[in-house]
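One structure below.
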Amino acid sequence: MSDFTHTTLRPLNKPTHRLGLAINYGIDANGVSAAIERGITYFFFQQYKTSHSVPVLKQALKANREKLIIATGPSLGFFGGSVRRGCERMLKRFDTDYLDVFQLYWLGKMSAWTPGTIDALLKLKEEGKVRSIGVSIHDRPRAGRLAEDSQLDLFMIRYNAAHPGAERDIFPHLEKRKPSVVAYTATAWRKLLKAPKGWTGQTMSAGDCYRFCLSNPNVDVVLTGPASQAQLEESLGALEKGPLSTDELTWMREYGRLAHG
């Protein structure tokens with residue numbers, strides 16, 4: 001399956017909607033249920049402000065485990081033991097036999113890529129407790145090196161019209177192993193939703209930001225963090241426009257350049 005709104009996540013060989021839901025930005029349990037009904041399949045789960053979603057996701061997992069993708073990780077990942085304990089907690093919390101994506105958060109800040117953490121991740125994968133391993137990372141050159149030569153299946157990276165540096169530092173390094181890419185901060189923490197100084201044209205919407213990310217073929221999934229079901233529906237509706245035209249891409253790149261300042 002592959003079109004603008006759907007793809008197959010390579011490490012899992014599993015179809016997914018290309019708009020993933022980050023749950024900790026205000027959307028309530030009813031909104032999470034609505035997302036599932038609307039076909040969202042990728043759910044990024046952290047401990048912070050997400051407990052309301054657990055009963056909804058557990059029910060959905062019991063109904064059709066192979067349909068949903070749960071991406072999560074340990075709160076801190078500096079040692080192998082904490083990585084394993086974090087995985088065991090998440091398995092118990094969701095009452096599931098495996099996690100689809102288990103990732104170290106913010107590599108270099110909240111976690112470390114060491115022999116201990118690598119061994120823990122690989123053993124969890126060998127045991128079938130996780131289906132794929134990944135990291136979220138700000139250091140783009142390091143991400144590029146890891147994309148080219150590591151055991152990682154997935155990278156969660158910052159990518160948006162104001163911060164397109166992944167096009168230079170990461171995407172060219174994907175070809176050898178073809179790990180998956182999940183983009184976040186598509187709106188640059190909402191900075192792109194306000195016209196930059198000196199800009200007199202159209203202002204980018206959240207939907208425009210998601211279309212910018214997904215128009216790059218290297219991006220498998222882009223995360224959205226809606227505060228409400230209405231915001232989620234607006235973004236899903238925007239994706240129906242499909243990939244950016246050449247003219248749209250041109251003005252959004254210039255808009256992002258000015259927004260970056």
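The values are calculated or read from the model by the stated rules, or taken from the named source; none is laboratory data. The structure presented is a predicted model; accordingly, all values stated were derived computationally and were not measured. So basically every Cβ, Gly included, is an ideal-geometry build from the backbone, and we count neighbours across all protein chains shown.
For VAL83, the conditions (1) surrounded by fewer than 18 Cβ atoms within 10 Å (Cβ to Cβ); (2) more than 23 Å from THR224 (Cα to Cα); (3) out of contact with any Lys or Arg (no Cβ under 6 Å at 6 or more places or on another chain) are fulfilled apart from (1). Being within 17 Å of SER215 (Cβ to Cβ) and among the acidic types (Asp, Glu), is that true of even one residue in region 163-170? Within region 163-170 (the criterion being within 17 Å of SER215 (Cβ to Cβ) and among the acidic types (Asp, Glu)), the answer is yes, since at least one residue qualifies.
Taking the criterion of being surrounded by 15 or more Cβ atoms within 10 Å (Cβ to Cβ) and touching a Phe, Trp or Tyr at 6+ places or on another chain (Cβ under 8 Å), the residues of region 55-74 that qualify are LEU57, LEU61, LEU68, ILE69, ILE70, ALA71, THR72, GLY73, PRO74. Look at region 91-113: where a residue is more than 15 Å from SER132 (Cβ to Cβ) and a partner is acidic (Asp, Glu) and at pLDDT 95 or above, sitting 6+ places away or on another chain with Cβ atoms under 7 Å, you get GLY108/ASP139.
Here is the figure for region 15-34: residues that are crowded, with 19+ Cβ neighbours inside 10 Å and not small (Gly, Ala, Ser) total 8.
Evaluating VAL219 against the criteria (1) under 23 Å from PRO172 (Cβ atoms); (2) surrounded by fewer than 20 Cβ atoms within 10 Å (Cβ to Cβ); (3) not basic (Lys, Arg) leaves one unmet condition, (2).
Of all residues in region 191-199, at least one satisfies being of a type in the set (D, E, K, R), touching a Leu at 6+ places or on another chain (Cβ under 9 Å) and under 24 Å from MET252 (Cβ atoms).
The set of residues from region 109-161 being surrounded by 23 or more Cβ atoms within 10 Å (Cβ to Cβ) and more than 26 Å from THR8 (Cβ to Cβ) comprises SER111, THR117, ALA120, ALA161. Scanning region 182-204 for residues that are on the phi < 0 side of the Ramachandran plot, among the polar types (S, T, N, Q) and either surrounded by 15 or more Cβ atoms within 10 Å (Cβ to Cβ) or touching a strand residue (DSSP E or B) at 6+ places or on another chain (Cβ under 9 Å) (or both) yields a single hit, THR187. Within region 37-64, residues that are more than 19 Å from VAL222 (Cβ to Cβ) and of a type in the set (Lys, Arg) sit with their Cβ atoms under 9 Å from residues that are in a loop (DSSP other than H, G, I, E, B) and modelled with pLDDT of 95 or more, at 6+ positions apart or across chains, in these pairs: LYS58/ASP95; LYS58/THR96; LYS62/ASP95; LYS62/THR96.
Among the residues of region 1-21, the ones that are closer than 18 Å to LEU61 by Cβ and not charged (D, E, K, R) come to 7 in all.
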